[in-house]
1. Report for the chain the percent antiparallel among DSSP-assigned beta bridges with both residues inside it, nearest 5.
2. Between Asn68 and Ile164, with labels modelled 7 Å along Cα→Cβ, what's the label distance in nm to one decimal, could you check?
3. Where the eigenvalues come from the Cα gyration tensor of the chain, what are the semi-axes √(5λ) of the equivalent ellipsoid, largest first, in whole Å?
4. Separation between the Asp89 and His17 pseudo-spin-labels, each 7 Å from Cα along Cα→Cβ, expressed in nm?
5. Which stretch or stretches of segment 56-89 have amide N atoms under 20 Å from the point lying 7 Å from Arg38's Cα along the Cα→Cβ direction?
6. Which of Cys99, Pro133, Tyr238 sits closest to the plus end of the dipole of the chain, meaning its Cα is farthest towards the positive end, when Lys and Arg get +1 and Asp and Glu get -1 on the C-beta?
7. Could you list the residues of segment 150-190 with an amide nitrogen less than 13 Å from a label point located 7 Å from the Cα of Glu218 in the Cα-to-C-beta direction?
8. At 222 nm, what helix-only mean residue ellipticity would the chain give, in deg cm²/dmol to the nearest 500, using -39500 (n - 2.57) for each DSSP H run of four or more?
Amino acid sequence: MSDQSMNHDDVDLNGGHEVSACYELRIEGPPESGPALRSVIAGLAFDLGSLDGLVSADVYRPGEGSVNDPYFDHADAPLAILMLDFTDDEARAEGLLQCQALKRFGAIEGLSITSAFLRRIAYALEPGAAPPPFTAPISNVVRYRRPHSDEQAFTTFYLETHPITQQRLPGIGAIHCYLPQQGVDPNGYDDADYVMGNEVSFDDLAGFNGAMRSEVREEMRAHFRQFPAFTGLLTHDYMQRERLLGDP
């Protein structure tokens, strides 16, 4: 992983609850690589099931249907995102060393794969409540990438303003933020080089589209315009999540 990753231990989560230590694989490539990719994913549950400290495993695929988003067309979504949640950093490090199956993605021709070690933060859907179980399967997966001149200022401002606004999105089912952590990927994949990530989830496409066209979304865009200057790549991807392993 990149040695630019900042230490987020002193970041105010602004009411968020740290959930787990994540490992993300973002898998991009041509549609013809899809069958081989699906075959590898189908065999993962067996290999992952033996890992101590693994809480859950999710695979995200491009969502079906037409997105009604006035700001992003979601046309360049990756073929898949694999997200593994571990109890803590130590369990993640040991689990990744044990699981050789993750290297199989690298053997598929035509794929571009990046990885990230992430600290996952869950937010409540109303003030004072606990975060809900992560059952909503339709997500807007957002990633901010380097370069950035002041990651601390950006992350602090984001956590102070965005999750508390996202709570009011109509139909919202879950809110997560992701903070990058340092680490060495034993699978050899390139670092995704994230500044941070965000994910809002819904029960279905109608809920997703309603939120994307809502007044609250316009408030979020106003917040975005107030963010500390951001020069890196920003992606929004409409994805459908499938739980491969673990409880909600």
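Just so it is clear, none of the values below were taken in a lab; they were calculated from the coordinates. What you are looking at is a predicted structure, and each value in this text was computed from that prediction instead of being measured. Glycine also receives a Cβ, built like all others from the backbone with ideal geometry; neighbour counts cover every protein chain displayed.
1. Restricted to the chain, the bridges split so that about 95 percent are antiparallel.
2. A separation of 3.1 nm, rounded to one decimal place.
3. Three semi-axes, in Å: 27, 21, 18.
4. 2.3
5. Answer for segment 56-89: 58-66, 76-83.
6. Final value for the positive-end residue is Tyr238.
7. Output list for this probe position: empty.
8. Mean residue ellipticity at 222 nm (helix-derived): -7000 deg cm²/dmol.
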